[in-house]
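This report concerns only the one structure given below.
The values are calculated or read from the model by the stated rules, or taken from the named source; none is laboratory data. Keep in mind that what you see is a predicted model, and the values were worked out from it rather than measured. Note that we place each Cβ from the backbone using ideal geometry, even for glycine, and neighbour counts take in every protein chain shown.
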Amino acid sequence: MEDEIIIQEAYAKLLEAIRPKMDNEDRLNIQKAFELAKEAHKDQRRKSGEPYITHPISVAIICAEEIELGPTAVIAALLHDVVEDTAISLEELRQEFGDKIATIVDGLTKLDSNHTSKSPQAENFRKVLRTLLVDVRVVLIKIADRLHNMRTIGSMPKHKQQKIAAETKYIYIPLAHRLGIYNIKSELEDLWLKITDRETYNEISRKLNETKKDRTEYINNFVRPLHRAIKALDVPFEIIGRPKSIFSIHNKMLGKEVEFEEIYDLFAIRIIIDVPISLEKSLCWQVYSIITDFYSPIPERLKDWVTTPKSNGYESLHTTVIGPYGRFVEVQIRTKRMNEIAERGFAAHWKYKGVKDNDDNVYEKWLETVRDTIESSDHNALEFLSDFKSHLFSEEVHVFTPKGDMKVLPLGATALDFAFSIHSEVGITCSTIKVNSKLVPFSYLLKNADQVSVTTSKKRKPNKDWLNFVVTGKAKSRIRAALREEKKTQASFGKEALLRKLAALKVALEPNVDNLARFYGFENRLDYYFAISEGHINLLELKKFPIVDGKFDLTKKKSEEEKPLVLPKAPKHDFEAIKQSQIIIDGQAGDKFAYTLAPCCNPVLGDEIFAYVSASGMKIHRTSCPNAENLLASMANNVHKAEWGKSSSNLYYTDLVITGVDKGVGVIQAISSTISSSLGLNIRSFSIDGHDGFFEGRLRLVVNNNNQLHKAISELKKIDGIRNVVREA
């Protein structure tokens, strides 16, 4: 009975959220979808103990309330898990709700567990993103699904939280940014930080709460004169003051190497005016003029995305000014239309579709570039995911063709990326590139306002080196496709050589070629043919294998390459061994496995860790390792739960980066004295370099656990002149 009350209350909230957008037919279909999903999930519960149906209802509410999608998306959200998790088939949904709903649900349904892949996660992302081209609501519902999972992740085991958080950071946050759903993107970032570094999250949250009263008072004083002046424009407007997100504050603290108290622009003021499209630009600049009448602007912090919107449709005028008491305040100026698009991205864009020339088709253009990558993608899912991520860039560079047409590329794009952005054939046959009338190498990094011209030659062919410096998915996928075509041509010569050899041995190709390819460690016959053509395979070796019933007997030479990347089998639970083990892996004594501590992040006793199995063996990584996000998100099948066992006397190396003001004398002595004398720790190595009045030191310590490490960082920060101390990697 209690469950039924919870379910009905959640469903009533959903109906309230979607009510303005539905007619009678929609109401009947939503009711039908709810009843079907409720019945299908009736025996399932979430990890928190709640009835499972509360999850699809919550996802549907996010779609309706926070992304402002319509009844079709709500129906698909209610049904998004029934095919994957219950006995309901996709065909049943198609018959009941039609092709559109079935297509969306299919896009949201994971591949079955029998699917063989090095990275099922990447394969599932590829499936979702392919459906993106058919109906973008698939991705929007997927983001809503991930948001609800992140909001309710507390009931899951810590190691699963880490995997889900890594996936979120790796693909969902960039995707939400690219689709312009800034509120959701910001919340996902905060939730990610809360999971991966709860201590930092709680500390910043606490300080924000402590300073809330002062901030509110400051904002009120800041906007008071602006309010009177903007009112004189005689247009509807509102002024909103809000703090920066916890994640963005954390990023600023890391980027500027400062403490919370040293960040002055903790809050932003948003001024929203409600004016006709034709007056938007001029009135935004009038508001800017009013602001600079009262407060001094910082010229280099002016961002004009009203004249030139971002490639995801975002429009706003940003400036940072010096407010009372010398504090920096970021001011965002936009119209009601711009604000809706900024808050709800793609969904809001369609509401205003066609109302402004430079805004129209913004997503169609992006989807066209995505389509290029997807349709040319016959490479593996990990490569596909890497290529797709290049479409999710957050910073961009604006460059021009010789005719003055603007091209928007990700920051870090090269001259060769530009050539591929014009046309695939232009990139493939590119022979020379000029930037601002000067010849440049293909790897030249593009800058804002560069004018680029490309010369082509039919004789030109791409080479592998090009993949080392292009960053856009289109360039990468087209180069790989061209290299594969070249490889196929070369492989045909290898195939001919193999056929001649097999004919001499009176053995047929088909029963043998795939077995031979696997035996020599190749994923497919094309790679095997190519290796033969390159001289890497000696066909004379075929004589060494006995032939049984027309097939080579390869059992006497089993290739090490065939071993799957799985956790080695360990004996059944040995509780005494577990109790004594330094690291516990999947609940078993880690000493049973041949693991090493990953040198990329140097885990220390007390750090949160996970185990990753690769071709070179098992490595123990910190969850904050620079490689963790990629491993947890893309290769989760090879990731295993790991935790520290008993406290031990083992010693661990850890690296610190120390920055501060170069006072000329005493710093090295103070650092050495603090570490060696005060803390009793050993210094393995120490280097320091000074320039422009500042210094940067690198210190390798030997510690027993991360408590000692945190203590060392805390004590070093107290030394006069030291600005920041951070753990490297």
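Could you check how many residues of region 228-251 are of a type outside the set (D, E, K, R), closer than 14 Å to ILE291 by Cα and modelled with pLDDT under 90?
Within region 228-251, residues that are of a type outside the set (D, E, K, R), closer than 14 Å to ILE291 by Cα and modelled with pLDDT under 90 number 0.
Restricting to region 293-317, name every residue that is within 14 Å of HIS398 (Cβ to Cβ) and part of a strand (DSSP E or B).
LYS303, ASP304
So, in region 714-729, how many residues would count as being among the hydrophobic types (A, V, I, L, M, F, W, C) and loosely packed, with under 15 Cβ neighbours inside 10 Å?
Here the count works out to 1.
Only one of (1) more than 25 Å from SER155 (Cβ to Cβ); (2) surrounded by 20 or more Cβ atoms within 10 Å (Cβ to Cβ) fails for GLY98. Which number is that?
(2)
For region 19-65, how many residues are aromatic (Phe, Trp, Tyr) and closer than 21 Å to GLY98 by Cα?
1
ILE273 passes all but one of (1) modelled with pLDDT under 90; (2) buried (at least 21 other Cβ atoms within 10 Å of the Cβ); which number fails?
(1)
Looking at ASP662 and the list (1) more than 14 Å from VAL604 (Cα to Cα); (2) within 32 Å of the chain's Cα centre (by Cα), which single condition is not satisfied?
(2)
When region 198-221 is examined, which residues are found to be in a helix (DSSP H, G or I) and among the β-branched types (Val, Ile, Thr)?
Answer for region 198-221, where residues must be in a helix (DSSP H, G or I) and among the β-branched types (Val, Ile, Thr): THR200, ILE204, THR216, ILE219.
Which one of these is small (Gly, Ala, Ser), over 24 Å from ASN183 (Cβ atoms), surrounded by fewer than 21 Cβ atoms within 10 Å (Cβ to Cβ) and in contact (Cβ under 8 Å) with a residue 24 or more places away in the chain: ALA17, ALA37, ALA87, ALA33? Full working, then the answer.
Details: ALA17 fails: over 24 Å from ASN183 (Cβ atoms); ALA37 fails: surrounded by fewer than 21 Cβ atoms within 10 Å (Cβ to Cβ); ALA33 fails: surrounded by fewer than 21 Cβ atoms within 10 Å (Cβ to Cβ).
After ruling out the rest, the residue left standing is ALA87.
State whether the residues of region 578-591 include one that is modelled with pLDDT under 70 and in contact with a Lys or Arg (Cβ under 8 Å, 6 or more places away or on another chain).
yes
Could you grab the pairs with beta carbons closer than 6 Å, sequence gap of 6+ or different chains, first residue in region 106-132 and acidic (Asp, Glu), second one at pLDDT 75 or above?
Final answer for the pair search is ASP106/LEU90.
Do any helices (runs of 4 or more DSSP H) lying entirely in region 610-729 carry at least 2 residues that are of a type outside the set (Lys, Arg) and under 30 Å from LYS169 (Cβ atoms), and which ones are they?
Ranges flagged: 628-634, 706-717.
Among the residues of region 716-724, are any more than 31 Å from the chain's Cα centre (by Cα), at positive phi and not hydrophobic (A, V, I, L, M, F, W, C)?
yes
Could you grab me the full set of residues in region 397-423 that are under 26 Å from the mean Cα position of the chain (by Cα) and of a type in the set (Ser, Thr, Tyr)?
Passing the criteria: THR414, SER421.
Provide a single number: the residues in region 133-148 that are more than 21 Å from GLN161 (Cα to Cα), in contact (Cβ under 8 Å) with a residue 40 or more places away in the chain and of a type in the set (Asp, Glu).
0
Here is a yes/no grid of residues against (1) under 33 Å from the mean Cα position of the chain (by Cα); (2) modelled with pLDDT under 90; (3) among the hydroxyl-bearing types (Ser, Thr, Tyr):
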position	(1), (2), (3)
THR216	no, yes, yes
LEU226	no, no, no
LEU254	yes, yes, no
GLU259	yes, yes, no
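Considering only residues of region 685-708 that are in contact with a Leu (Cβ under 7 Å, 6 or more places away or on another chain) and touching a residue at least 24 places away in the same chain (Cβ under 8 Å), which is surrounded by the most Cβ atoms within 10 Å (Cβ to Cβ)?
For region 685-708, the residue satisfying everything is LEU701.
Name every residue in region 16-37 that is within 33 Å of the chain's Cα centre (by Cα) and within 14 Å of THR54 (Cα to Cα), in order of residue number.
Listed by number, the residues that qualify are ALA33, PHE34, ALA37.
Counting just the residues of region 527-576 that are modelled with pLDDT of 55 or more and in contact with a strand residue (DSSP E or B) (Cβ under 8 Å, 6 or more places away or on another chain), which one comes out surrounded by the fewest Cβ atoms within 10 Å (Cβ to Cβ)?
PRO546
Just to be sure before I move on: is ASP378 out of contact with any Ser or Thr (no Cβ under 9 Å at 6 or more places or on another chain), modelled with pLDDT under 90, outside the structural domain of VAL139 (by TED's automatic domain parsing) and not in a strand (DSSP E or B) in the structure I sent?
Spelling it out, ASP378 is indeed out of contact with any Ser or Thr (no Cβ under 9 Å at 6 or more places or on another chain), modelled with pLDDT under 90, outside the structural domain of VAL139 (by TED's automatic domain parsing) and not in a strand (DSSP E or B).
For region 697-723, name all the residues that are touching a Ser or Thr at 6+ places or on another chain (Cβ under 6 Å) and modelled with pLDDT under 85.
Of everything in region 697-723, just one residue is touching a Ser or Thr at 6+ places or on another chain (Cβ under 6 Å) and modelled with pLDDT under 85, namely ARG723.
Could you check region 413-522 for helices (runs of 4 or more DSSP H) lying wholly inside it with 1 or more residues that are assigned by TED's automatic domain parsing to the domain that holds LYS551, at pLDDT below 90 and surrounded by fewer than 20 Cβ atoms within 10 Å (Cβ to Cβ)?
Qualifying helices (runs of 4 or more DSSP H): 473-504, 513-519.
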